[in-house]
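Notes follow the structure.
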Amino acid sequence: MEPLRVRPPRCFLLVLLAIALCQGYTLRGPVSWVISPGDVVEDADMSEEEEVAPALLADSAGLWKQAYPSTEVLGDGSETPADLVKRKDENMAQFSSRLFSYKMEKGKKKPTSSGGSRNSPPPHQETARTARYIAHYSDWGFLSTISTQDEIKGLPFGNIFSVSDGPAENSTGVIYFYVTPMDNTVSDLRSNPFVSLTFSEAEADFCRQMVYDPEDPRCARLTLTGRMVEVAPEELAFAKDAMFSRHPVMAKWPLGHKWFFMKLELIQVWLQNWFGGTSLISVEDYFKATPF
């Protein structure tokens, strides 16, 4: 008698097939691919990531090149730095203006005493004139004092101030301020009136046009050191004209803050505007020079 053959149910066969298939697959993210069981290595994930990483970096570099092509930054193209600034592409202008953290205003130049537009910086050999040029055409500077704040008492403290050495057509070389007793810097001055005031040519358009970094020696920086004093009554009218003509919004600042005028009495004029070191300009030569 022939033995009876029992066929396993179809569902059981499907289960066995599923188990066999599962042993031949491994899951990587949402994607699966066939491998043999002996090919699974613990470090396989790491090797795959190392292959992917360079591609991601290359994409990031591509984004930088799209935003600011390297040929323009390095100057190996056919255009000069001045030509780069004259581009009509507003998106590029807005991007480059953020590199130095100041707003670029195309076509806006301050008048000189002759009624024309602001000239280019003086030759670097004319150090006194360069110092006066920066002092006159800077609308703000970085003032350093010795702090009286409890947590940093006796340590340097820096603050930004709007300044003016006179109306646009009348440069005096004397730096005026409009300040309030509520400012920490003014509190410092009551204890120690000696300060350093620093300007950078990066505030204007020149360094950007020449593609100079703010720390490049050719992007001039000026530090005036001296003593801060309150403006005398006979000088108040001029100080007011100097500040309000350059910073009109000051006239609307709240009177309750008890604003008053101060100026810097110079002790030292320090300038770096070229390679090979810095220049100490005598106060006499500074005042004899003209920025125009």
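What follows is calculated from the coordinates using simple rules that are stated; it is not laboratory data. Please read these numbers as outputs of a predicted model, since none were measured by experiment. Cβ: placed from backbone, ideal geometry, glycine included. Neighbour counts: every protein chain shown.
Below, the figures for the structure above:
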quantity	calculated
Positive-end extreme of charge dipole, the range 116-288 - chosen from Pro233, Ile146, Leu280 (charges on Cβ)	Pro233
Cα-centre dipole for the range 154-292 with unit charges at Cβ (Lys and Arg positive, Asp and Glu negative), debye to 20	300
Total formal charge among the other residues, if their Cβ is under 12 angstrom from that of Glu201, Lys/Arg +1 and Asp/Glu -1	-2
Label-to-label distance, nm, for residues given as Glu215 and Asn184 (7 Å Cα→Cβ offset)	2.4
Net +/- balance of residues flanking Lys288 in space, Cβ distance below 13 Å, scoring K and R +1, D and E -1	-1
